[in-house]
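See below for the structure under consideration.
What follows draws every value from the coordinates through simple rules; no lab data is involved. Note that the structure is predicted; figures quoted are calculated from it, not measured. With ideal geometry, Cβ positions are generated from the backbone for all residues, glycine too; neighbour counts draw on all protein chains shown.
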Amino acid sequence: MTELQALLLGIIQGLTEFLPVSSSGHLEIAHAFLGIKDENNLLFVLTVHVATVLSTILVFRKDIASLCKELFAFQWNDSTKYIATLLFSSIPILIVGLLFRDNIEAIFTGNLFFVGCMLLVTSGLLALTQFVKKSEGKITFGKALIIGVAQTLATLPGISRSGATIATGLLLKGKKEDVARFSFLMVLIPILGAAFLDIVTGELKSTNVDLLPLFIGFITAFISGWLACSWMIKIVKRGKLIYFAIYCALIGLIAIFAA
């Protein structure tokens, strides 16, 4: 992987992880058009994902600090209940990740037709949010589990994780600000869990990437992720997801015709 490729992939990962346009789908398309042959390099993928996790922590640092403070008070209150709903939402992806990980990885073969179709699904989900009226509903354990299922579906390339979880939360009558916050915080658990699993199972031992592309990918993913995460919170509050629905539909059709 060259430094320029690492730069482009880092920016794409950071932006599309939080914007509802599917990071996996865009990376698959980028690999195809850039002719990158080592797209399955686990270490680079892990590096840019950790970078986006850190950008999430930066944006929500006050929320996370407050939740941790309440957690270690060892009392059942709104904060500990919120943490419990976050953990509860990770159950579906935990089950799928442990039992079907190899099957999921096998899907990432650069199949632009499949990616394009999934982008159209993302477009449809985002378009549905236009018909949702403003609501003040809270995220219950039941809703958290359903949002977690939506996150699991986003393991398919082309299904946006943030798009699927935010759209599902809004369709479940969740408050816009709460849904966006929950969507971005819930991703910390599966990404950190997957990183830990890769380390303890020794999956990274077979990887061989130069440090400079890794560093470039990390920095660009972190900065673009920080900007995208901050921007996306404002977008959800204003209810402007329809523009991303149109974008996903266009990119999806391009991918289908380019397949």
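May I ask which of Lys69/Lys173; Lys81/Lys143; Lys69/Lys138 have a Cα-Cα span longer than 18 Å here? The partial results should precede the final answer.
Working: Lys69/Lys173 29 Å; Lys81/Lys143 13 Å; Lys69/Lys138 22 Å.
Pairs exceeding 18 Å: Lys69/Lys173; Lys69/Lys138.
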Per DSSP, loop trypsin sites (Lys or Arg not before Pro) in region 1-92 with at most 15 further Cβ within 10 Å:
Lys37
Once each part is reduced to its C-alpha centroid, what is the distance from region 11-81 to region 153-189 in angstrom?
13 Å
Test of understanding: what is the full-extension gain from Arg101 to Tyr243, defined as 0.36 nm times their sequence separation minus their Cα-Cα distance?
47.9 nm
How do Ile147, Ile12, Ile139 line up, fewest other C-beta atoms within 10 Å first?
Ile12, Ile139, Ile147
GNM of the chain, Cα pairs under 10 angstrom: of Ile93, Ile219, Ile64, the biggest fluctuation goes to Ile64
Would you compute, from DSSP H runs of 4+ residues alone, the mean residue ellipticity of the chain at 222 nm, taking -39500 (n - 2.57) per run and dividing by the full residue count, rounded to the nearest 500?
-25000 deg cm²/dmol
Cβ density ranking, 10 Å radius, fewest first, applied to Leu27, Leu87 yields Leu87, Leu27
The chain, Gaussian network, Cα under 10 Å: of Gly116, Gly142, Gly158, the residue fluctuating most is Gly142
Fully extended, how many nm does the chain gain between Gln130 and Ile256 (0.36 nm per residue separation, minus their Cα-Cα distance)?
42.8 nm
Per-residue Cβ contact counts at 10 Å, fewest first, order Cys68, Cys117, Cys248, Cys229 as Cys68, Cys117, Cys229, Cys248
